[in-house]
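Asks: Just passing along the structure, written as structure tokens.
None of the figures in this text is laboratory data; all of them are computed from the coordinates on show. Being a predicted model, the structure only gives us computed values, none of them experimental. Here the Cβ positions follow ideal geometry from the backbone for every residue, glycine too, while neighbour counts run over all protein chains shown.
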Amino acid sequence: MFTMVGHRVAALVVLEFSLRAVSTVLSLRKGTHSSQLYLLCQFSLGCGVSCSLGYLQEGASHRTGNLLLSVGLAALLTHYVWRLACHVSTMYELHCKERYCGGCLFLLTTWHGIPQLLCNALTVTFAVANLAAVALINRDFLSTSEAIRFWTPLTICYTLLVIYMQEEELQNPTKQMAFQRVFVRMGGLLILLMTVGRWMDIANVLISLAGEIWCLARTGTMLEVCREQDYSESLSFSASAFRPPQAAPRAPLRIPGGSGSPRGRILKERSLAEEDGVARRP
């Protein structure tokens, strides 16, 4: 599917997701994160890898062989990761108790660093993909005026789409809303390319739409889990941020002359009455 998508549409998909991801990260409160981006970036990540490989290997003497080698390495990595995922989903609990499986023990000791590792890998991948996307798009323009005529409506359209989708996501965070956002994004991209693009780009947009829907359909359950997790984390963060500070414990009252003397008994009764009055005060 990624080989069928043209470089122009793939580059636009990468740029759109990068803008959406940056906007989502900036809109989050300090100390919170969005785990949904790990699932929503699947098709955009594939387009980014395709753009990066196409740009970096353009003009190489053995370009086709290099691309086939990249596909083979990716398939090998996918095979081993899939085997590890199947093994962990069935034998993780038993092997962690028995303490004899290296893979399960490695995940048991390093699970807390996996999200940060994924985040760093995605950041590097999309940084390279954005540079390749901009270079691939600007390559088709013969003059600066043509590039400005293309980038100006593109920037305005993407900015308005990101603002609209974030508002809709905050008001109605459901699975149907995720599919609706895909149709809105691809619809805006289709209208834009009908104005300043080519006819082949329209067919590539339809292929991208099918790819986005396929990725969302496969990750529907995990996306719902991540959405609930992000919502609970935001609620707990808000509750801890607005929690009133606790009063410091009062030091014990020192009564001169001891508590057994008449003066000591009077002072002790007075302090107890004051504490009782403070406790009953609304």
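Asks: Arrange Ile148, Ile213 by Cβ neighbour counts within 10 Å, fewest through most, would you?
Replies: Ascending number of Cβ neighbours within 10 Å: Ile148, Ile213.
Asks: If we count other beta carbons within 10 Å of each Cβ, what is the order of Met165, Met4, fewest first?
Replies: With the fewest neighbours first, Met165, Met4 line up as Met4, Met165.
Asks: Sticking with this one: What order do you get for Ser34, Ser27, Ser50 when you list them from fewest to most C-beta neighbours inside 10 Å?
Replies: Ser27, Ser34, Ser50
Asks: Right, next: Go through Ala10, Gln57, Ser35 and say which Cα lies farthest out towards the positive end of the charge dipole of segment 1-86; charges sit on Cβ, +1 for Lys and Arg, -1 for Asp and Glu.
Replies: Of Ala10, Gln57, Ser35, it is Ser35.
Asks: What does the C-alpha gyration tensor say about the overall shape of segment 15-157? Classify as rounded when a/c is under 1.5, otherwise prolate if a/b is larger than b/c, or oblate.
Replies: Oblate, because a/c is 1.5 or more while a/b does not exceed b/c.
Asks: Give me the dipole magnitude in Debye, nearest 20, for segment 12-165 about the Cα centre, with unit charges on the beta carbon: positive for Lys and Arg, negative for Asp and Glu.
Replies: The calculation lands at about 280 debye.
Asks: Starting from the 7 Å offset along Cα-to-Cβ, what nm value, one decimal, do you get for the label separation of Val81 and Trp199?
Replies: With each label placed 7 Å out from Cα toward Cβ, I get 3.9 nm.
Asks: Then there's this: Looking at the square roots a ≥ b ≥ c of the eigenvalues of the Cα gyration tensor of segment 80-215, which shape do they give, rounded for a/c under 1.5, prolate if a/b is larger than b/c, or oblate?
Replies: prolate
Asks: Over segment 1-83, what is the mean sequence separation of C-alpha contacts under 8 Å (at least six apart), divided by residue count, expressed as relative contact order in percent?
Replies: 36 percent
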